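K.L.:
Next up is a structure, given as structure tokens.
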Amino acid sequence: NVVETQEHYKSRWRSIWIMYLTMFLSSVGFSIVVMSVWPYLQKIDPTADASFLGWIIASYSVGQMIASPLFGLWSNYRPRREPLVISTAISVAANCLYAYVHVPHSHNKYYMLTARALVGFGAGNVAVVRSYIAGATSLTERTSAMANTSACQAVGFILGPVFQTCFTLIGEEGITWKFLHLQLNMYTAPVLFGALLGVINIILIFAIFREHRVDDMGRQCKSINFEEEESSVLDQDAEGTIDHVAVVAINFLFFVILFVFAVFETIATPLTMDMYSWTRKEAVFYNGIILGVVGIESVVVFMVVKKLSKKTGERAILHGGLLIVLVGFFILLPWGKKLPNIQWQEIKNNSIPRTTSTEMFMPFWSLQAMQLPSNHTVEPVGCPVTQSWCLNTPMIYLAQYISSDILIGLGYPVCNVMSYTLYSKILGPKPQGVYMGWLTASGSGARILGPVFVSQIYTHLGPRWAFSLICGVVVVSLLLLEIVYKRLIAFSVRYGRMQE
């Protein structure tokens, strides 16, 4: 192992910054269209219903779940530039396909589904990004680098809908370029912008990104991903086996953390419409503001966590984060006597059947443009009587809902960063691509199952059951954390090469 030169240090951090950018762009790719998917889908294919929208939203996560371990495996044996460039190119192509889904004469919804699944497949490069950062940072640098990575991801999720909003100025008609068969409007402009960002990213990967690896102490190592080395052997520091109990435990905890957050996002709109008699437009608008604030809160938390973990260690903070999430969902349980307003109107005039179960499949942003038929001026509001629990479950007060949002917005980012950081430290100096791929895949799986779970439980049994079950899941994960607590230590600490 060589002591690191100043030039190597600068090059290493430049490469890490390119990884931050890649992370940011992959999350923008997800969130830049979510608010407009539903109206665009209705425009290009009238046969598509709300439940098909659920599949389109989920297809991104399915694509990412399949691709993450594959790209991770690839990055273990080849220069990382290869999977990074190919995955980004797939996302660029998929975004261009999305811009053309209006062209075919039939089956347009399936083209849209394919485009979103391929964008998700390209976003499987998150595993490569995380494994690179884990290998290119020392133990002392890692928490901070992982927090920055998660912050870039969070900022991407927040800014995506902001970009989308700016593009609405173009309008539904926009400009049409006949010779390219391309319509540039509020639905296609965001994805073309996403494709442009992807191209810039590829150029930067070629221009600036270099392979680097340091050991846990920060000393320069030979990298097995270097182009010029065909078969270099890993250093003595990599001797020893990975603690697979700790690895499985963190995968489970990470699944729970993302599952809980997916549930929280999905339930926001239906819950507020049922409890506070908000219209669809009000629910999307207010929840959009609340989630924006929660997003900003998350970024602040990422920054604070970096400082705090140096004093207390990652495990204690992960424990604290899970407890905060537990309290957040516990607050959401309905207490008191007051019942929510019941929506009787639809029974009287039988005019507007509410498709609650399919609406539930949609995260809050997807309800954005569920327009009412033009001949109905009044939209029925309140808790639909088709959900039998509305008649006997007390309402959840707005103060409860806001408090819960604040707590979950505090606990979620803490758990997210700490699970990634602990995971990379447990894995140690061996290439982490495949393991990071499994972690990303478990997160994607949670994002698929969360909305499905909550839509079924909430619709049929109500908020008391839904949130009690979530509390139960978090309690189980806290117990698991207690059991494996002593095993969640860095690889080099486990083998006595470093002190904790």
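K.L.:
Residues with amide H under 5 Å of Leu184's amide H, sequence separation 5 or more or different chain, H placed in the peptide plane at 1.01 Å from N; which?
P.N.:
Under 5 Å from the amide H of Leu184 lie the amide H atoms of Ile175, Thr176, Trp177, each far enough along the sequence or on another chain.
K.L.:
For the chain, find the longest principal axis of its Cα atoms and tell me its angle to the long axis of helix 280-312, 0 to 90°, nearest 10.
P.N.:
So the helix axis and the longest Cα principal axis differ by about 20 degrees.
K.L.:
How many angstrom lie between the Cα centre of segment 427-466 and the Cα centre of segment 73-92?
P.N.:
Comparing the Cα centres of segment 427-466 and segment 73-92, I get a distance of 24 Å.
K.L.:
Any idea how far apart Ile86 and Trp335 come out in nm if each label point goes 7 Å out from Cα toward Cβ?
P.N.:
5.6
K.L.:
Same structure again: Hey, any idea what the orientation-averaged projected area of the convex hull of segment 375-432's Cα atoms comes to, in nm²?
P.N.:
Details: hull surface 35.7 nm².
Over all viewing directions, segment 375-432 projects a mean Cα-hull area of 8.9 nm².
K.L.:
If one takes the longest principal axis of the Cα atoms in the chain, at what angle in degrees, from 0 to 90 and to the nearest 10, does the Cα axis of helix 139-167 lie?
P.N.:
Approximately 30 degrees, to the nearest 10.
K.L.:
Could you do me a favour and compute the accessible area per residue for the chain, 1.4 Å probe, result in Å²?
P.N.:
Details: 20780 Å² over 500 residues.
That works out to 42 Å² per residue.
K.L.:
Using a Debye calculation, one point per C-alpha and no hydration shell, please list log10 I(q)/I(0) for the chain at q = 0.07 Å⁻¹ in order.
P.N.:
Once normalised to I(0) and log-transformed, intensities are -0.39.
K.L.:
Let me ask you something else. Quick one: check the C-alpha center-to-center distance for segment 276-344 versus segment 151-203, whole angstrom.
P.N.:
Cα centroid of segment 276-344 versus Cα centroid of segment 151-203: 29 Å apart.
K.L.:
Would you mind telling me the share, in percent, of accessible area of the chain contributed by carbon and sulfur at probe 1.4 angstrom? Please report the intermediate quantities before stating the final value.
P.N.:
On the way: 14160 of 20780 Å².
For the chain, the apolar C and S fraction of the accessible surface comes to 68 percent.
K.L.:
Also, I was wondering about something else. Taking the Cα-to-Cβ direction at Ile406 and at Val493 and moving 7 Å from each Cα, how far apart do the two end points lie in nm?
P.N.:
Label-label distance for Ile406 and Val493, simple model: 3.3 nm.
K.L.:
Could I ask something else about it? Counting only C-alpha contacts under 8 Å and six or more residues apart, can you give the relative contact order of the chain as a whole percent?
P.N.:
Details: 860 pairs, mean separation 127.0, N = 500.
Computed value for the chain: 25 percent relative contact order.
K.L.:
Semi-axes of segment 79-216's equivalent ellipsoid from the Cα gyration tensor, sqrt of 5 times each eigenvalue, largest first, rounded to whole Å?
P.N.:
Values: eigenvalues 231, 53, 33 Å².
For segment 79-216, the ellipsoid semi-axes come out as 34, 16, 13 Å.
K.L.:
Under 5 Å between amide hydrogens, which residues at least 5 positions from Gln343 or on another chain qualify, with H placed 1.01 Å from N in the peptide plane?
P.N.:
Amide H neighbours of Gln343: Cys383, Val385.
K.L.:
On a 25 Å Cα-Cα criterion, which of the cross-link pairs Lys10/Lys311; Lys10/Lys307; Lys307/Lys425; Lys10/Lys486; Lys178/Lys281 come out too long? Numbers along the way, then the final one.
P.N.:
Working: Lys10/Lys311 27 Å; Lys10/Lys307 23 Å; Lys307/Lys425 18 Å; Lys10/Lys486 36 Å; Lys178/Lys281 35 Å.
Beyond 25 Å between Cα atoms: Lys10/Lys311; Lys10/Lys486; Lys178/Lys281.
K.L.:
Moving on to the next point. Give the whole-number value, in cubic angstrom per residue, of the convex hull volume spanned by the C-alpha atoms of segment 258-334.
P.N.:
Values: hull volume 6.9 nm³, N = 77.
Once divided by residue count, the hull of segment 258-334 is 89 Å³.
K.L.:
Nearest 10 degrees is fine. How inclined is helix 108-122 to the longest principal axis of the chain, computing both from alpha carbons?
P.N.:
30
K.L.:
Within segment 175-214, which residues have the backbone N less than 18 Å from the label spot 7 Å out from Lys43 along Cα→beta-carbon, could you tell me?
P.N.:
175-178, 180-195
K.L.:
For segment 372-500, count all C-alpha to C-alpha pairs, find those more than 21 Å apart, and express that count as a whole percent of the total. Numbers along the way, then the final one.
P.N.:
Details: 5067 of 8256 pairs.
Across segment 372-500, Cα pairs with separations above 21 Å total 61 percent.
K.L.:
Which semi-axes, in whole Å and largest first, does the equivalent ellipsoid of segment 74-124 have when worked out from the alpha carbon gyration tensor as the square roots of 5 times its eigenvalues?
P.N.:
On the way: eigenvalues 154, 17, 7 Å².
Output for segment 74-124: semi-axes of 28, 9, 6 Å.
K.L.:
Quick one: if you stick a label point 7 Å off each Cα along the C-beta vector at Leu391 and Trp13, how many nm between them?
P.N.:
6.6
The values are calculated or read from the model by the stated rules, or taken from the named source; none is laboratory data. Because the structure is a prediction, the values reported are computed rather than measured. Using ideal geometry, Cβ is built from the backbone for each residue, glycine included, and neighbour counts are taken over all protein chains shown. The area values use the complete protein model at the heavy-atom level, side chains included, leaving out ligands, DNA and RNA. Shrake-Rupley method; radii C 1.70, N 1.55, O 1.52, S 1.80 Å.
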